[in-house]
1. Taking 0.36 nm per residue of separation and subtracting the Cα-Cα distance, what length does fully extending Val57 through Ala93 add?
2. Quick query: amide H of Glu103 versus all other amide H atoms, modeled in the peptide plane; which residues come in under 5 Å with a sequence gap of 5 or more or a different chain?
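Only the coordinates and a few stated rules stand behind these numbers; no lab work does. Here the structure is a predicted model, which means the values were calculated and not measured.
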Amino acid sequence: MRQEQQYLRPGDGSAIPNVLGMTYRLSAGRESVGAVAKKVFEVRAYWSTEGNDWCAVNDELPVAAEAPTLDALFMEVKAQAAEMVELNGLAAAGEEIELRLIETVGVHVAA
């Protein structure tokens with residue numbers, strides 16, 4: 001059984017889960033009658049020591065964003081995703097997409 005690991009946010013020391021609890025559902029056009037199909041896009045988020053900020057990427061949409069906080073990063077990803085879904089025809093009218101912001105963490109193993 002896989003346990004959810006906790007990681008520390010750079011700068012503030014607060015623990016956050018590996019899979020961040022940030023999910024956004026975007027409806028493409030009017031709702032259709034009956035069941036609504038849902039596409040899930042996983043957006044990788046990581047802390048950039050080079051830029052000293054959070055970065056997010058997803059090649060399927062595509063989106064690429066940078067922000068000083070995770071909240072600001074997710075807002076930027078949502079804005080870009082809404083535009084990219086429409087421009088690239090990734091969802092039909094009435095179809096719902098879900099964005100998942102997934103944190104990528106490198107762990108150094110002690111010798």
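1. Gain in length upon complete extension: 10.5 nm.
2. Leu20, Ala45
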